[in-house]
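*Asks:* Just passing along the structure, written as C-alpha cells.
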Amino acid sequence: MRVFLDTNVLASAFGTRGLCADVLREVLSAHDLLVSDILFQELERVLLQKFQIPASVLSEILSLLQQDSVHCQVGTLPVVPIKDQDDLPILSCAIEGAAEVFVTGDKELLALEHIGTLQILSPRAFWEHLKES
C-alpha cells in the first residue's frame, strides 16, 4: 500500500514513543512510504523547534526517510474546503504520488475522509485498518 504520513504523524513518531512510531515502523517495513521536499521542510522545522531534536539527529532522520521512501512532487493543488491552505501542497504530493492513504492527526483534514481515491485516516484508524487486513 502507498502511504503518505503527514508531518504531525512523522514528528510524533520521532519526537515521542507510541502509536505514531509504531505506524511509521509498520509502513517502512511493509508498505511504500511517500515523502516530498515540502514535507521534509515542515518536518525539519517542527522537530527542531517543537521537539528540540539536535541537528545531527535530524540529519539522520531525514536521511533514513529519503532512503526508504518514494519521493513525490507537488502537483495541482486540490480544491477542498479547508481553512489551512498550507496543507494543500502536502495533500497534492500525496495525490501526485498515488497514495492510497493519507495518515494525519489534523482534525480538519480528517473531516474530509476522502479526496478522490485518497483515503484520509487518523493514526489510530490506520493502525486498526492494518490489523484488520
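*Asks:* Cβ-Cβ distance below 7 Å, separation of 6 or more or different chains: which pairs start in segment 46-74 with a residue that is over 19 Å from SER36 (Cα atoms) and among the aromatic types (Phe, Trp, Tyr) and end on one that is surrounded by 11 or more Cβ atoms within 10 Å (Cβ to Cβ) and at pLDDT below 95?
*Replies:* PHE51/GLY15
*Asks:* List the number of the failed condition for GLN67; all other conditions in (1) more than 16 Å from ALA11 (Cα to Cα); (2) surrounded by 13 or more Cβ atoms within 10 Å (Cβ to Cβ); (3) of a type in the set (S, T, N, Q) hold.
*Replies:* Result: GLN67 fails condition (2) only.
*Asks:* Restricting the search to segment 10-38, which residues are in contact with a Ser or Thr (Cβ under 6 Å, 6 or more places away or on another chain) and either more than 17 Å from LEU121 (Cβ to Cβ) or of a type outside the set (A, V, I, L, M, F, W, C) (or both)? I'd like the intermediate steps shown before the answer.
*Replies:* Initially, segment 10-38 is screened for residues in contact with a Ser or Thr (Cβ under 6 Å, 6 or more places away or on another chain), giving 20, 33, 35.
Hit for segment 10-38 is VAL35, nothing else.
*Asks:* Restricting attention to segment 82-133, which residues are free of Cβ contacts under 8 Å to residues at least 60 places away in the same chain, among the polar types (S, T, N, Q) and within 21 Å of SER12 (Cβ to Cβ)?
*Replies:* Passing the criteria: GLN119, SER122.
*Asks:* Looking at segment 15-32 only, could you name the residues that are of a type outside the set (Lys, Arg) and surrounded by fewer than 20 Cβ atoms within 10 Å (Cβ to Cβ)? Before the answer, list the steps.
*Replies:* So in segment 15-32, the residues of a type outside the set (Lys, Arg) come out as 15-16, 18-24, 26-32.
Scanning segment 15-32 gives GLY15, THR16, GLY18, LEU19, ALA21, ASP22, GLU26, LEU28, SER29, ALA30, HIS31, ASP32.
*Asks:* Hey, another quick one. Hey, among the residues in segment 80-119 that are among the charged types (D, E, K, R) and in a helix (DSSP H, G or I), which one's surrounded by the fewest Cβ atoms within 10 Å (Cβ to Cβ)? Don't jump to the end; show me each part of the working.
*Replies:* Residues of segment 80-119 among the charged types (D, E, K, R): 83-84, 86-87, 96, 100, 106-108, 113.
Checking which are in a helix (DSSP H, G or I) leaves us with 86-87, 96, 107-108.
Details: ASP86: 10, ASP87: 20, GLU96: 15, LYS107: 8, GLU108: 13.
Filtering first and then ranking leaves LYS107.
*Asks:* Of everything in segment 52-61, what is within 13 Å of ALA13 (Cβ to Cβ) and under 17 Å from the mean Cα position of the chain (by Cα)? Give them in sequence order. It would help to see each step written out before you state the result.
*Replies:* Here is the first cut: in segment 52-61, the ones within 13 Å of ALA13 (Cβ to Cβ) are 53, 61.
Listed by number, the list holds a single entry, ILE61.
*Asks:* A further question follows. Looking only at segment 120-133, filter to residues that are among the small types (Gly, Ala, Ser) and not in a helix (DSSP H, G or I); which one of those is modelled with the lowest pLDDT? It would help to see each step written out before you state the result.
*Replies:* Within segment 120-133, the subset among the small types (Gly, Ala, Ser) is 122, 125, 133.
From what's left, not in a helix (DSSP H, G or I): 122, 133.
Numbers: SER122: 98, SER133: 77.
Checking each candidate, the answer is SER133.
The values are calculated or read from the model by the stated rules, or taken from the named source; none is laboratory data. All values reported here derive from a predicted model rather than from experimental measurement. Don't worry about glycine lacking a Cβ; one is built from the backbone with ideal geometry, like all the others, and counts go over all protein chains shown.
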